[in-house]
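Let me begin by presenting the structure, written as structure tokens, before commenting on it.
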């Protein structure tokens, strides 16, 4: 079972998405703050983390660095409602997968599959 | 020659008077500035010129008139001396005879004939000689007439010669019909009772003297007596012994001049002199028109000079004013164009930022709706706890579809601001154009739209973002197909422009764009296809893409007469950053 952590400051969004993923057989947890996310990562192991690019206090990329310290093998997918060029260039330079909200749950599932495949390929 | 004329016409044509319909009309009243400039320059240059020419005209005329008068007076003065001398010489000769001879000797037979002979030899023109005694009776006579014994008592000349010692008569036609005068002198009273010598003088020589004066074709010199009777022949004023048509001038001791109006010959310049001790007045005349002939030539030169100067000045003033007006107008137009271009660029940039901001703000709640609706649908479909109702799922599907549609629009809005990064590769513009047009091939055939492509063969492969350029062309050609009616035509041309740029022109004969729409055509959400599925973002995205390709896009159109989009692109795009394109 794929373990997914969803981090987004929009509780309604993140809780609904977690539930939908759970219905589709994922082990999905969610948090609305960076602190909570970091605590969850420390407490539990995840395969993939879906991160909102814009969080209060920490940006998606900064939070990613923090999480990486605890879980170096974690894969990331970035989600945002803001498709500014700067954002894309930053995320692209990190070689990350990026999705613009709103996004269909099927596309999220495809991306998760892709990220995991790449991670495994990369690891091998 | 024709090119030169065209260039000249181009240089002096006031372009600001009839600016092209679409062009900027300027903030100033150029016509007024132009007129003021012409009027001002003309005033400051022409007024002094006219004053100077007029003054010169007057001065030259006066000087010439004065010179002519002085010349005539000089001739009159010289001639007066000649005439006076002629008469004095003869009077003196008669005096000399009286001094030399005694009364008795003169009376002796044959002596007077001898004296007459001597006088004829010495002076010529002496016709006869008579001795008149103190009683006024002819005592002796030598000459062609029988005058001995003739009594002259009571005749005016005798009284005058008694009183003054000498007398000169008026002219008369005497011997052989030739003009003659009579001159008489009185003996010195100290020598006894006065007696007189009287002689008839032929005036032919004096007339000759007058006739050889060089006075030009209109000149005339003659003598009149104090009653105005002509004493010598005149060319213009009558025959000898007729009354002269010229009035007798007022007496003056010196030579004088006057201008007399002649009814036939216009103003006449007259130099005259009263001849001393004679009834004669010397008249020297010239027609004023002739004396001023030299002046006429000068005047003609002066007028030519004036006309030529004014023409040259007016042309120069016109050219300078027009050049100034054109420069002013062009500078204003340039400034206004730059301003309006900047304005539209700024407006589009801020609109882009605004759209991106709006899109972002909408995207987050949209995502919530998406997930919530999705979750409800999931629950209805997957959780057996809920009784799946097809109608509810149908409603949820349409909610999700709407969210999808909103998402597409907001993503386009983000795209307008973002445009992505550029992927540079060399490619053939001709091929790209044909690839784009191939999408419309079927529609063109079906609607009998005539599509022409002309890409200059000299155009090299260009280095740019092929995908973005295709998107630009697809958008514009797509718009053209929507604007065209069946049977219209579409022309796509591409040709080099300057050294390193290319101009692509997409021209249709469709419905065209109205003036007010032209201003907003590149603005986001501006659409004429509302209700027909247009988001109003197509041309703004196109605009953004062309700018991303370091180019410029422009449109010319007239409502009802089609539209032409011109895209100006560099042949090789400058590399700003070659980032990898991100998925979106």
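The values are calculated or read from the model by the stated rules, or taken from the named source; none is laboratory data. In this text the structure is predicted, and so the values were computed from the model without any measurement. Methodologically, a virtual Cβ is constructed for each residue, glycine included, from the backbone with ideal geometry; neighbour enumeration extends over all protein chains shown.
Structure notes:
- When the test is whether a residue is touching a helix residue (DSSP H, G or I) at 6+ places or on another chain (Cβ under 9 Å), within 14 Å of chain A (Cβ to nearest Cβ) and part of a helix (DSSP H, G or I), residue B:407 passes it.
- Some residue of segment B:554-570 being in contact with a strand residue (DSSP E or B) (Cβ under 9 Å, 6 or more places away or on another chain) and at pLDDT below 85: no
- Within segment A:19-35, restricting attention to residues that are free of Cβ contacts under 8 Å to residues at least 40 places away in the same chain and more than 24 Å from residue A:69 (Cβ to Cβ), the residue that is surrounded by the fewest Cβ atoms within 10 Å (Cβ to Cβ) is A:25.
- Unmet criterion (only one of (1) part of a helix (DSSP H, G or I); (2) within 12 Å of chain B (Cβ to nearest Cβ); (3) modelled with pLDDT of 85 or more; (4) out of contact with any helix residue (DSSP H, G or I) (no Cβ under 8 Å at 6 or more places or on another chain)) for residue A:108: (4)
- All positions within segment B:192-217 that are in a helix (DSSP H, G or I) and out of contact with any helix residue (DSSP H, G or I) (no Cβ under 8 Å at 6 or more places or on another chain): B:204, B:207, B:208, B:211
- Screening the candidates B:325, B:352 for the property of being surrounded by 17 or more Cβ atoms within 10 Å (Cβ to Cβ) and within 14 Å of another protein chain (Cβ to nearest Cβ) yields one hit, B:352.
- Residue that is nearest to residue B:381 (Cα to Cα) [pool: residues in segment A:23-53 that are within 14 Å of another protein chain (Cβ to nearest Cβ) and part of a loop (DSSP other than H, G, I, E, B)]: A:24
- Meets criteria (over 25 Å from residue B:475 (Cβ atoms), surrounded by fewer than 19 Cβ atoms within 10 Å (Cβ to Cβ) and more than 14 Å from chain A (Cβ to nearest Cβ)) for residue B:389: yes
- Out of B:359, B:373, one residue alone is free of Cβ contacts under 8 Å to residues at least 60 places away in the same chain, within 22 Å of residue A:11 (Cα to Cα), at the interface with another protein chain (Cβ under 8 Å from one of its Cβ atoms) and surrounded by 18 or more Cβ atoms within 10 Å (Cβ to Cβ). It is B:359.
- In segment B:376-386, of all residues being in a loop (DSSP other than H, G, I, E, B) and more than 9 Å from chain A (Cβ to nearest Cβ), the one that is surrounded by the most Cβ atoms within 10 Å (Cβ to Cβ) corresponds to B:386.
- Conditions (1) more than 8 Å from chain B (Cβ to nearest Cβ); (2) in contact with a helix residue (DSSP H, G or I) (Cβ under 8 Å, 6 or more places away or on another chain); (3) modelled with pLDDT under 90; (4) surrounded by fewer than 20 Cβ atoms within 10 Å (Cβ to Cβ); number of the one not met by residue A:84: (1)
- Among (1) at negative phi; (2) out of contact with any strand residue (DSSP E or B) (no Cβ under 7 Å at 6 or more places or on another chain); (3) outside any helix (DSSP H, G or I), the one test that residue B:435 misses: (3)
- If you check B:347, B:353 for being within 30 Å of residue B:545 (Cβ to Cβ) and out of contact with any helix residue (DSSP H, G or I) (no Cβ under 9 Å at 6 or more places or on another chain), only one passes: B:347.
- Residue match in segment B:246-258 (condition: in the same structural domain as residue B:216 (by TED's automatic domain parsing), closer than 19 Å to residue B:71 by Cα and under 41 Å from the mean Cα position of the chain (by Cα)): no
For (1) surrounded by fewer than 17 Cβ atoms within 10 Å (Cβ to Cβ); (2) modelled with pLDDT under 90, each residue gets a yes or a no:
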site	(1), (2)
B:78	yes, no
B:100	yes, yes
B:107	yes, yes
B:127	no, yes
B:134	yes, yes
B:141	no, no
B:144	yes, yes
B:149	yes, yes
B:153	yes, yes
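- Residue match in segment A:54-75 (condition: within 24 Å of residue A:118 (Cα to Cα), crowded, with 20+ Cβ neighbours inside 10 Å and within 11 Å of another protein chain (Cβ to nearest Cβ)): no
- Residue match in segment B:457-471 (condition: surrounded by 21 or more Cβ atoms within 10 Å (Cβ to Cβ), over 27 Å from residue B:357 (Cα atoms) and either out of contact with any helix residue (DSSP H, G or I) (no Cβ under 8 Å at 6 or more places or on another chain) or within 14 Å of another protein chain (Cβ to nearest Cβ) (or both)): yes
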